[in-house]
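Student: One structure coming up, written as structure tokens, with questions to follow.
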Amino acid sequence: MVTIHTRSHPLGLTFALLGLLAAGGEDPQADHEPERDVFVALELSAGPRAELVGPSNFGGTVLASATLDVGCTSRGCAAAEFSYDRAGTLFTIEELDLFEDDPVVITDGVDSLVADRVDMRLWQEAEGYEVCGPLDGAALGYEIPAGAALFVISSHDRDGESNRLMAANATDIWISEDRGRGTWTIGGFEIAFEDADGELWTVTLGDSEWQG
């Protein structure tokens, strides 16, 4: 069961807070074993830019931005894991974890609040498929359809309270491999959710580069 609560921040910003009751807040990927032939574990080498756009308040549109961290934080390391079959077309994102250690200021131009220790984690494995060229059948990359990847975005406010939001990818996620450089690229995509008032919030992630 997922229960969505809302609260009004003293500065006037409204957030949807997620209570993960059945899961107890634990990551369901913890006991998952990949079933495909090939498994790839990657570290972030070029972090994506993240842009948050929320509803409009009296002061203006709610905005925030950050560049997510390369390497490790006290909460974990930026990581991506993929699996696929050598002879098939199925492709799975097994893990995708991103972190921001610097405070993120969320503002509508008049009021603001600060989110600390922002994390974005894939909640469960996301299924996709290989995309091949129409003429020669050569592999071009992999695509995760919109709605197939569910993420939990968490942060702490200055009072130490933990907030969590659950949202799915609103656009396709394109993943490609450069075998010559030994790198993978996750193309930019959007994550979107509605709060209890029906207001739309969108997080746009830019391209990121990963190495094994």
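Student: Considering amide H positions built from the backbone, and no H for Pro or chain starts, which residues 5 or more places from residue 90, or on another chain, come under 5 Å of its amide H?
Tutor: For residue 90, whose amide H was placed from the backbone, the distant partners under 5 Å are 85, 130.
Student: I'd like the Karplus ³J(HN,Hα) series for region 60-69: coefficients 6.51, -1.76, 1.60, θ = phi - 60°, whole numbers in Hz, and an x wherever there's a Gly or Pro.
Tutor: Rounded to whole hertz, the list is x, 6, 6, 9, 7, 8, 6, 10, 6, 6.
Student: Then there is this: Residue by residue through region 100-114, which ³J(HN,Hα) values in whole Hz follow from phi under the Karplus form 6.51 cos²θ - 1.76 cosθ + 1.60 (θ = phi - 60°), with glycine and proline marked x?
Tutor: Along region 100-114, the couplings run 9, 8, 6, x, 10, 8, 10, 9, 9, x, 10, 9, 7, 9, 10 Hz.
Student: Ok, one more. Over all directions, how big on average is the projection of the convex hull of the alpha-carbon atoms in region 36-211, in square nanometres?
Tutor: Mean projected area of the Cα convex hull: 11.3 nm².
Taken together, the values in this text are just the output of simple stated rules run on the coordinates, not laboratory data. As the structure is a prediction and not an experimental result, all values here were calculated from the model.
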